[in-house]
1. Just to be sure I understand, how many residues within the stretch 116-132 are in contact (Cβ under 8 Å) with a residue 60 or more places away in the chain and in a loop (DSSP other than H, G, I, E, B)?
2. Of the numbered conditions (1) surrounded by 13 or more Cβ atoms within 10 Å (Cβ to Cβ); (2) more than 16 Å from VAL135 (Cβ to Cβ), ARG40 satisfies every one except a single condition; which is it?
3. Out of all the residues in the stretch 65-85, which are of a type in the set (Lys, Arg) and either open to solvent by less than 90 Å² (accessible area, probe 1.4 Å) or more than 22 Å from SER38 (Cα to Cα) (or both)?
4. Here is a list of conditions, (1) in contact with a strand residue (DSSP E or B) (Cβ under 8 Å, 6 or more places away or on another chain); (2) modelled with pLDDT of 85 or more, and GLY26 meets all of them except one; can you say which number that is?
Amino acid sequence: MEATKKLKKSVLIRQRKEQEKAQVGGASTAKLLNCPTSPRKMRLVVDLIRGEKVENALYILKHTGKEAAIRVEKLLLSAIKNWETSNEGASVEDSTLYVKEVSVGGGRQLKRLRPAPQGRGYRIRKRSNHVTLVVDSLKNVNN
């Protein structure tokens, strides 16, 4: 009787996510949360590597003069390592990895006051962002 018991929607969602994680192979994800750079500045860097092969994307990030490129480079290396752990038999060189998806969302804003003339205060918004990067193999796309 308990086997036919109706489960909560949140439990079903959690079970589905666990099944997706248990699948061997496929795309791997890395997230960077609360990065203290404005989302607009981060998108300029992220747009350079979207859809590129991993080797080319690392080269682009290494030679980009923006501070956000350093953080995205670390994130890309993390995504590659995540892909290696989920695909134990495959090598990175043979599978030709590419950046499948990259998205930047706004994070928490720290609100500060700056002294202004005549006793006023101007508001300063110190923005942060969340970056999600997905790496996949070109062989998975072709199959």
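1. Taking the stretch 116-132 as the starting set, the residues that turn out to be in contact (Cβ under 8 Å) with a residue 60 or more places away in the chain are 126-132.
Retained after the next criterion (residues that are in a loop (DSSP other than H, G, I, E, B)): 127-128.
Qualifying residue count, the stretch 116-132: 2.
2. (1) is the only condition that ARG40 fails.
3. Hits for the stretch 65-85 are ARG71, LYS81.
4. Only one criterion is unmet by GLY26, namely (2).
The values are calculated or read from the model by the stated rules, or taken from the named source; none is laboratory data. Given the structure is predicted, the values throughout are model-derived calculations rather than measurements. When we count neighbours, we look across all protein chains shown, and the Cβ atoms used for this are built from the backbone with ideal geometry, even at glycine. What goes into the accessible areas is simple: the full protein's heavy atoms, side chains included, and nothing from ligands, DNA or RNA. Shrake-Rupley method; radii C 1.70, N 1.55, O 1.52, S 1.80 Å.
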